[in-house]
1. Would a scan of region 92-100 turn up a residue that is farther than 25 Å from Ile224 by Cβ, among the hydrophobic types (A, V, I, L, M, F, W, C) and surrounded by fewer than 18 Cβ atoms within 10 Å (Cβ to Cβ)?
2. Suppose we filter region 120-146 for residues that are assigned to a loop (DSSP other than H, G, I, E, B) and open to solvent by less than 20 Å² (accessible area, probe 1.4 Å); how many remain?
3. Just checking, which of Val300, Val234, Val215, Val220 is touching a strand residue (DSSP E or B) at 6+ places or on another chain (Cβ under 6 Å) and closer than 16 Å to Phe117 by Cα?
4. Of all residues in region 17-43, which are surrounded by 14 or more Cβ atoms within 10 Å (Cβ to Cβ), free of Cβ contacts under 8 Å to residues at least 24 places away in the same chain and either of a type in the set (Phe, Trp, Tyr) or not in a loop (DSSP other than H, G, I, E, B) (or both)?
5. So which helices (runs of 4 or more DSSP H) are wholly in region 340-432 and hold at least 1 residues that are open to solvent by less than 20 Å² (accessible area, probe 1.4 Å), in contact with a Cys (Cβ under 9 Å, 6 or more places away or on another chain) and modelled with pLDDT of 95 or more?
6. Would you mention how many residues in region 307-328 are more than 20 Å from the chain's Cα centre (by Cα), in contact (Cβ under 8 Å) with a residue 12 or more places away in the chain and in a helix (DSSP H, G or I)?
7. Here is a list of conditions, (1) open to solvent by less than 60 Å² (accessible area, probe 1.4 Å); (2) under 28 Å from Asp259 (Cα atoms); (3) assigned to a helix (DSSP H, G or I), and Ala77 meets all of them except one; can you say which number that is?
8. Looking at Thr13, Thr8, which one is more than 29 Å from the chain's Cα centre (by Cα), in a helix (DSSP H, G or I) and crowded, with 17+ Cβ neighbours inside 10 Å?
Amino acid sequence: MSVNNPQTREWQTLSSEHHLAPFSDYQQLKEKGPRIITKAEGVHLWDSEGNKILDGMAGLWCVAVGYGREELVEVAAKQMRELPYYNLFFQTAHPPALELAKAVTAVAPKGMTHVFFTGSGSEGNDTNLRMVRHYWALKGKPQKQVIIGRINGYHGSTVAGAALGGMSGMHAQGGTLPGIEHIPQPYWFGEGGDMTPDEFGVWAAEQLEKKILEVGEDKVAAFIAEPIQGAGGVIIPPETYWPKIKEILAKYDILFIADEVICGFGRTGEWFGSDYYDLKPDLMTIAKGLTSGYIPMGGVIVRDEVAKVLSEGGDFNHGFTYSGHPVAAAVGLESLRILRDEKIIERVQAETAPYLQKRLRELNDHPLVGEVRGLGMLGAIELVKDKATRARYEGQGAGMICRQFCFDNGLIMRAVGDTMIIAPPLVISHAEIDELVEKARKCLDLTLEALK
């Protein structure tokens, strides 16, 4: 990135001298310097050099209602003046958290009418780990400790979140805990081999039952999974996967945790991914779209049967200073109101998501593209050397090359290996979808030329 603004250099120096960034190669970041984002409006960002960028990732999957919503700013300011902070510990509560709990459960799947608030999705999954183990202890089965996750699943980067997730790079850096097992992911394009998608979906689901029997049903507490894996590369399971998983879960006495941090609050065209796939989770992790990313907040929505056991079990010795923070709760309430009153999710389902998926699939004709897949406001583009064999450009970093071309040409599209992924704000228009796809095609052209 060319730098002309002296202020940009100054900020990059501050980054180098004082800031440790998340998920970053520090040496590389020091050499290049970060791109400095200074303002945003709608679905666009501007950097300190004045470049306008279409945010194809809604920040980190979270800016559902778009940037620049004054309503969210105003409710935050009002709440700060009235009650800027108080905790929910020691038999105390405040109206914003209680009203948000009611509003969240009003849109949650039937039979899920209780919420435990946290500061993030990672904290929500830490809560899940402790909550399900506590639940089984209260049920007289303290030996049910094991939680089964999926390879390449993502459940946050706290120690418990990283351990529940299945990303080897995170496990290698202190992100493991005992009592957590992993099964293969339902990633047909990358791992399906010669099986059809339907065959592979059944096979991948059957690995859950295989693992339950291997560990022992009497030791397994829960299965945790994202309805659609987000950070793993927008892995949309084959149609046979979730029906088979539901069949397996019905056979065994274990809990099901749906991590809805990415899929929740409209991204699939339904309120939750669990609605889209007709899942019946016992616990649901939420965050991101809950406040449209304007302020940190997360939580766990709990099925009534589980909440009843917890409520009769004495102290649950778990919580956070910022659980149900009043300002975050006020913003969450307003964000849900905007989603509801402006019928944003209905519009996603009926209009913009079908248009986005149609336009994205036009990229299937590109020589670099092995597959385009997507659902709702989620999409993935697989970069390959050979369409027929699905062979990659091994060791050439095709995804990172493409990501850089995207940045340089006014588009944020994330690279997961050699898979390019998008999750734009839910309020994106048809014209902005056209802009996204046109810029993506240009960047694919540039990437192909660079790889040659």
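The values are calculated or read from the model by the stated rules, or taken from the named source; none is laboratory data. In this text, all values refer to a predicted model and were calculated from it rather than measured experimentally. Positions of Cβ are generated from backbone atoms using ideal geometry, with glycine treated the same way; all protein chains shown enter the neighbour counts. Surface accessibility is based on the protein's heavy atoms, side chains included, excluding ligands, DNA and RNA. Shrake-Rupley method; radii C 1.70, N 1.55, O 1.52, S 1.80 Å.
1. Taking every residue of region 92-100 in turn, at least one turns out to be farther than 25 Å from Ile224 by Cβ, among the hydrophobic types (A, V, I, L, M, F, W, C) and surrounded by fewer than 18 Cβ atoms within 10 Å (Cβ to Cβ).
2. Residues meeting the conditions: 1.
3. Val300
4. Leu29, Lys30, Ile37, Thr38
5. Result: 398-408.
6. 5
7. Of everything listed in (1) open to solvent by less than 60 Å² (accessible area, probe 1.4 Å); (2) under 28 Å from Asp259 (Cα atoms); (3) assigned to a helix (DSSP H, G or I), Ala77 misses just condition (2).
8. Only one candidate qualifies: Thr8.
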